[in-house]
Structure formats: C-alpha cells, structure tokens
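Read through the structure below, which is laid out as structure tokens, and then see the notes.
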Amino acid sequence: MSRSTHQALVDERNASVEVYINGEFFPRDEARISVFDSGFLVGDGIWEGLRLHHDRFAFLNRHLDRLFAGLAAADLDPGLDRDQVTEALYDTVRHNDMHDDAHVRLMVTRGDKKTPSQHPSNAVGGPNVVIIAEYKVADPAVAESGITLFTATVRRPPPDTLDQRLNCHSKLHEVIALIQAVKAGADEALMLDTTGAVATCNATNFFVIRDGGVWTSTGNYNLNGITRQVVLEVAPQAGLAAHQVPFSLDDVYSADEAFVTGTFGGLTPVVEVDGRAIGDGRPGPVTAHLRNLYLEAVEADVAAGAGPG
C-alpha cells in the first residue's frame with residue numbers, strides 16, 4: 001500500500017468539526033463555497049497550512065509572512081489584516097475546542113465571479129476566506145519505515161512561468177507528478193527543475209545527507225517551506241554544513257541519507273528513489289537527529305507564544 005507524508009491517524013472527532021467561512025462557522029457537512037468561486041474556477045487563490053501545538057500555532061509569524069507575500073504577489077486583498085487573520089485562526093481552533101495536534105488550512109480566493117472567467121474584474125462580493133481545522137497526528141509508521149520516491153517527468157517551472165515559491169491553489173502539475181509516482185509503485189514524486197537539477201517533491205521539500213552536509217535545492221523552484229527553513233537553521237547544531245545548491249539525481253542515488261520536510265509530517269525519511277536504496281535502505285541516524293532538533297525548535301517557538309493563546 002502506498003504511504004504518504006500526509007498520512008494521519010484516524011480521529012473520529014473530525015466528523016463534528018466546524019469550518020470557518022468568511023467569519024461564520026458551519027458544520028463540516030454543511031460548509032459550502034459557490035461553484036463560481038475563483039479558486040474552483042481557475043485556481044485563483046493562496047493558502048497556508050499550520051500546526052497547533054499546546055494552544056499555539058508553531059512558527060505563526062513565518063507562516064503569516066509567507067501568506068501575505070503570496071497574497072501581494074497575486075494582488076489579492078484578503079479583506080483582513082495580519083492581526084485579523086491571526087484572530088480568525090485562533091477563533092477557529094477555540095470554536096472547535098482544539099488545543100493540540102491540530103492541522104489547519106487557511107485558504108483565500110479572489111471570491112465569487114459573476115461568470116466563469118479568469119478576469120479579476122468579474123469578481124463580486126469580495127474574497128472568500130476559509131479555515132479548516134482538523135485533529136491530525138502523523139502516522140508514526142510512515143516515519144519509522146520511511147517513504148519511497150519516483151522521479152516524475154513533470155518539471156517544476158521557473159519563476160517566470162509559475163513561481164513555485166507561491167503557495168497557490170494551482171497544483172495540477174504536482175498532482176500529475178504524484179499520480180505518475182503512485183502508478184510507478186512509489187509513495188510520492190521527486191520533481192526536477194527545467195535545468196535537470198533536483199527541485200522538490202510534489203508536496204514536500206527534499207534533502208540529502210552527503211559529504212558531511214545537508215543539501216537541498218537552490219529554492220528557486222520550490223515552495224519556501226517553513227520546515228525547510230528551520231532544518232537549514234538547525235543543521236549546524238548537528239555538525240552539518242547547510243547547502244542550498246543545484247544537484248543531480250546522481251548525487252541523490254549515492255547519498256548517505258535522504259528526507260523530506262513539511263509542516264504536517266515534519267521530517268520524513270526517504271529510503272528509496274527510483275528503485276535505488278538510499279544508504280542502507282533504512283531511516284538514518286542523521287535524519288533522526290535533525291528531526292529531534294526540529295521538534296526542539298517547534299517547542300521553543302511555541303513557548304515564545306506568538307499570537308493570542
């Protein structure tokens with residue numbers, strides 16, 4: 001069975017969560033957005049995923065920085081300032097009586113259109129802001145066993161095509177890459193950039209451990225991941241030089257270890273790429289050490305207490 005870095009333990013409480021839509025809450029089964037919504041029609045929207053730890057959102061300021069940078073790039077006014085977005089996020093988890101182990105997705109679209117069309121002038125009634133909070137604990141079996149990757153034929157485009165640093169609703173190329181990987185018998189997809197260098201995975205950022213350092217891509221062809229940033233910051237504590245450089249699949253196949261990063265799963269080991277075992281084909285000790293350092297950084301950030309509690 002295919003595994004996923006977003007694989008979560010089943011939690012029956014999610015059946016009764018209520019969803020925030022433009023300042024109101026609706027039962028999960030009654031939460032609706034119009035078929036004329038810009039995100040549905042043309043993928044015109046920006047989103048953010050956050051984790052709730054001990055009544056606080058981890059790395060909230062970094063997530064808000066990325067959110068508002070993306071909104072500015074898309075020329076999309078959410079109708080809420082930074083403090084109001086923060087309050088809406090906390091209102092959502094409080095409304096659902098959530099305190100820990102919750103994953104929250106905030107989505108902002110340009111709003112409903114008066115007709116199916118790309119043109120922003122057809123938007124009516126302002127943006128749509130949706131916040132979905134769910135109880136989600138990453139399945140520990142995934143981190144214990146690691147995942148396998150397959151290199152998709154779909155490339156990550158350059159910034160002058162669709163800037164991959166934007167956390168936008170336009171994800172079809174990533175979905176197609178993932179489908180290729182699953183049909184090839186892997187768990188998730190590794191994606192290259194247009195130069196042939198390793199870029200990222202379909203939904204996570206990719207790292208290798210080799211030559212006494214941790215390597216990841218230049219960052220020009222992948223989402224500016226918050227977990228990715230933190231790993232680069234804590235790597236020196238593990239005695240590793242942090243490199244953001246172009247590297248090839250040959251560098252991947254001969255790596256000592258590999259792992260992927262994301263807000264939900266944190267650090268997940270990669271044990272195989274394109275049918276080739278990475279290292280000894282098992283989750284490695286350096287990845288485990290970096291995961292512990294990342295978790296310590298999460299605890300430190302939450303203790304600092306950004307936003308209302």
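The values are calculated or read from the model by the stated rules, or taken from the named source; none is laboratory data. Everything quoted here is computed from the prediction, not taken from an experiment. With ideal geometry, Cβ positions are generated from the backbone for all residues, glycine too; neighbour counts draw on all protein chains shown.
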Which one of Ser117, Ser121 is in a loop (DSSP other than H, G, I, E, B) and either surrounded by fewer than 21 Cβ atoms within 10 Å (Cβ to Cβ) or among the aromatic types (Phe, Trp, Tyr) (or both)? Ser117
Examine region 84-100 for a residue that is over 13 Å from Leu50 (Cα atoms), touching a helix residue (DSSP H, G or I) at 6+ places or on another chain (Cβ under 6 Å) and not aromatic (Phe, Trp, Tyr), and state whether such a residue exists. no
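Conditions (1) in contact with an Asp or Glu (Cβ under 7 Å, 6 or more places away or on another chain); (2) surrounded by 17 or more Cβ atoms within 10 Å (Cβ to Cβ), marked per residue:
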{"site": "Ala199", "(1), (2)": "yes, yes"}
{"site": "Gly212", "(1), (2)": "no, no"}
{"site": "Glu233", "(1), (2)": "no, no"}
{"site": "Leu240", "(1), (2)": "no, yes"}
{"site": "Gln244", "(1), (2)": "no, no"}
{"site": "Ser254", "(1), (2)": "no, no"}
{"site": "Gly265", "(1), (2)": "no, yes"}
{"site": "Ile278", "(1), (2)": "yes, yes"}
{"site": "Gly284", "(1), (2)": "yes, yes"}
Restricting to region 97-114, what's the tally of residues that are surrounded by fewer than 21 Cβ atoms within 10 Å (Cβ to Cβ) and within 14 Å of Arg13 (Cβ to Cβ)? 6
Output the residue which, of all residues in region 67-107 that are in a helix (DSSP H, G or I) and among the polar types (S, T, N, Q), is farthest from Glu296 (Cα to Cα). Gln84
Kindly indicate whether any position in region 226-235 is free of Cβ contacts under 8 Å to residues at least 40 places away in the same chain, out of contact with any helix residue (DSSP H, G or I) (no Cβ under 7 Å at 6 or more places or on another chain), among the acidic types (Asp, Glu) and part of a helix (DSSP H, G or I). no
Answer yes or no: is there a residue in region 185-205 that is farther than 17 Å from Arg156 by Cα and either in contact with a His (Cβ under 9 Å, 6 or more places away or on another chain) or basic (Lys, Arg) (or both). no
For Gly23, all conditions in the list (1) out of contact with any Lys or Arg (no Cβ under 8 Å at 6 or more places or on another chain); (2) closer than 25 Å to Leu172 by Cα hold save one; what is the number of the exception? (2)
Looking only at region 216-225, and only at residues there that are part of a loop (DSSP other than H, G, I, E, B) and free of Cβ contacts under 8 Å to residues at least 40 places away in the same chain, the one that is surrounded by the most Cβ atoms within 10 Å (Cβ to Cβ): Ser217
Has region 77-91 got any residue that is crowded, with 18+ Cβ neighbours inside 10 Å, in contact with a Ser or Thr (Cβ under 9 Å, 6 or more places away or on another chain) and not assigned by TED's automatic domain parsing to the domain that holds Asp250? no
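With Val154, Val175, Val182 as the choices, which residue is outside the structural domain of Arg94 (by TED's automatic domain parsing), assigned to a loop (DSSP other than H, G, I, E, B) and either buried (at least 17 other Cβ atoms within 10 Å of the Cβ) or not basic (Lys, Arg) (or both)? Please lay out each step first, then the result.
Numbers: Val175 fails: assigned to a loop (DSSP other than H, G, I, E, B); Val182 fails: assigned to a loop (DSSP other than H, G, I, E, B).
Exactly one residue qualifies, and that residue is Val154.
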Region 128-142, subset surrounded by fewer than 22 Cβ atoms within 10 Å (Cβ to Cβ) and of a type outside the set (Val, Ile, Thr), residue farthest from the chain's Cα centre (by Cα): Ala141
Residue in region 294-309 that is farther than 22 Å from Glu144 by Cα, in contact with a strand residue (DSSP E or B) (Cβ under 9 Å, 6 or more places away or on another chain) and among the acidic types (Asp, Glu) present: yes
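Residues in region 278-294: is at least one closer than 19 Å to Val93 by Cα, assigned to a helix (DSSP H, G or I) and either out of contact with any helix residue (DSSP H, G or I) (no Cβ under 6 Å at 6 or more places or on another chain) or free of Cβ contacts under 8 Å to residues at least 12 places away in the same chain (or both)? Quick ask: steps written out before the conclusion?
First, pick out the residues of region 278-294 that are closer than 19 Å to Val93 by Cα: none.
No - not one qualifying residue is present in region 278-294.
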Scanning region 125-147 residue by residue, those modelled with pLDDT of 95 or more and either basic (Lys, Arg) or assigned to a strand (DSSP E or B) (or both) turn out to be Asn128, Val129, Val130, Ile131, Ile132, Ala133, Glu134, Tyr135, Lys136, Ile147
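Among the residues that make up region 22-43, is at least one of them of a type in the set (Lys, Arg), surrounded by fewer than 19 Cβ atoms within 10 Å (Cβ to Cβ) and more than 30 Å from Leu149 (Cβ to Cβ)?
Keep residues of region 22-43 that are of a type in the set (Lys, Arg), which gives 28, 32.
Filter again for surrounded by fewer than 19 Cβ atoms within 10 Å (Cβ to Cβ), leaving 28, 32.
Those still in the list that are more than 30 Å from Leu149 (Cβ to Cβ) too: 28, 32.
Yes, because at least one residue in region 22-43 is of a type in the set (Lys, Arg), surrounded by fewer than 19 Cβ atoms within 10 Å (Cβ to Cβ) and more than 30 Å from Leu149 (Cβ to Cβ).
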